[in-house]
1. Looking at A222, A212, A206, A200, can you tell me which residue is surrounded by 17 or more Cβ atoms within 10 Å (Cβ to Cβ), hydrophobic (A, V, I, L, M, F, W, C) and modelled with pLDDT under 85?
2. Do we find that W262 is over 24 Å from the mean Cα position of the chain (by Cα) and surrounded by 15 or more Cβ atoms within 10 Å (Cβ to Cβ) in this structure?
3. S120 passes all but one of (1) in a strand (DSSP E or B); (2) surrounded by fewer than 23 Cβ atoms within 10 Å (Cβ to Cβ); (3) in contact with a Leu (Cβ under 7 Å, 6 or more places away or on another chain); which number fails?
4. Name the one entry in F249, F275 that is under 25 Å from D351 (Cβ atoms) and in contact with a Gly (Cβ under 9 Å, 6 or more places away or on another chain).
5. Could we say that F126 is farther than 30 Å from G303 by Cβ and outside any loop (DSSP other than H, G, I, E, B) here?
6. When the residues of region 376-390 are filtered to those that are assigned to a strand (DSSP E or B) and polar (S, T, N, Q), which remaining residue is modelled with the highest pLDDT?
7. Among the residues that make up region 302-314, is at least one of them part of a loop (DSSP other than H, G, I, E, B) and either in contact with an Asp or Glu (Cβ under 7 Å, 6 or more places away or on another chain) or at positive phi (or both)?
Amino acid sequence: MHTTKLLSMLVGLAVLAGLVMFPVMAAPQMQGGNLLQDPAFDLAAQGDWKWQKWSYVKKEADLGQSFVTPVFMPSEPKWDHGSGGQSGAAGSMAGQAGAKFRAGFYQTAEVKAGTRVRFSVWANEFCQSGDSGCPVILRAGIDPTGGTDWSSGNIKWAGTEISNNRYVQLVTEEVTVGDSGKVTVFTWGEPRFAEFYTAAHFDDAALTSTGASTAPTAPQPAQPTATAPQPDQPAPQVQGDNLLQDPTFDLVAQGTWKWERWSYVKKEADLGQSFVTPVFMPSEPKWDHGSGGRSGAAGSMAGQGGAKFRAGFYQTVGVKAGTRVRFSVWANEFCQSGDSGCSVILRAGIDPTGGTDWSSGTIKWAGTEISNNRYVQLVTEEVTVGDSGK
């Protein structure tokens, strides 16, 4: 069943040849098995929780300054780290609209006193403020005394702050298990500001004995492989230069548009059945495909709350009649309905007659439908340029 009430959405486009690879630094070498129960939160998804929950509560007259207990739950599969969003679940917390939360999961394991151990966990966030993301504090902690108080001074914390919806690995320092023969590990999620949509996700946790060797350096946060998705079909071998102007939308980000815009409009008494012209704009850098979200921009469209849109960009270029050409583009989406994602149709088309009517029957379309906030490559079939030379 498709959700029709779209609160806000971004569709990012970037034309690139080849596949962008993101470097991933290896986790420290561990000695021994994982000492945690349900480290991947798969049992939690079945209703069998092996993790306990903690939450800081502070009520203020101004809700935006309050800390409220979030909803603890297994996530949708799209937030699962190990499968790249294909199946499984993460341990998740969803905040109350307009308030912050400071909360997490914890688990105590029995470990022989004197053992050297380290805790690691993959963490992600979702925080939306209007059309922009917002930062979330993510932390991993370990208490070698086995205590279960998240505010204890015995806990050794490691953490970061992100706002790009990409998994990072948090790794604590090595600790020596105390006389109790127990060690407790913690996660911590906290949106920096009170926003309408806030969530923190944790997955693929590990508590592992490291032996008596010197602690290796904790790895730098890494992009998961899933943030650079494989294309729906292999990119074609291009036999010439890119014929488009501003294919990566970088000039758009500077205010120079080389792309035209089109939009289908249909007004109904029920806003949810209406199609409304979106806002066309360059995206924030986090939606840029070529840089992995570090710089640049994508060509984006943001919808009106409660209504749908059917819209896009187009560009006409002069090409010698009879030339065989193909169009490809990377596409992504953002669609949020309550605490869940919703599907977006993404298409790429090519008109060998050079027409500019998006509804023309001469356009050859390629497309897909996704709801996972991950780029896919759309590639049209080859066409022969017509007599117009466009």
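The values are calculated or read from the model by the stated rules, or taken from the named source; none is laboratory data. Source: prediction; values computed, not measured. Virtual Cβ from ideal backbone geometry, glycine too; neighbours counted across all protein chains shown.
1. A222
2. Considered against the rule, which asks whether it is over 24 Å from the mean Cα position of the chain (by Cα) and surrounded by 15 or more Cβ atoms within 10 Å (Cβ to Cβ), W262 comes out as yes.
3. Every condition holds for S120 apart from (2).
4. Answer to the check: F249.
5. No, not satisfied.
6. T384
7. Yes, region 302-314 has at least one match.
Residues are listed down the side, and each one gets a yes or a no for (1) under 30 Å from R374 (Cα atoms); (2) modelled with pLDDT of 95 or more; (3) surrounded by fewer than 22 Cβ atoms within 10 Å (Cβ to Cβ):
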{"site": "A89", "(1), (2), (3)": "yes, no, no"}
{"site": "Q169", "(1), (2), (3)": "yes, no, no"}
{"site": "V183", "(1), (2), (3)": "no, yes, no"}
{"site": "W188", "(1), (2), (3)": "yes, yes, no"}
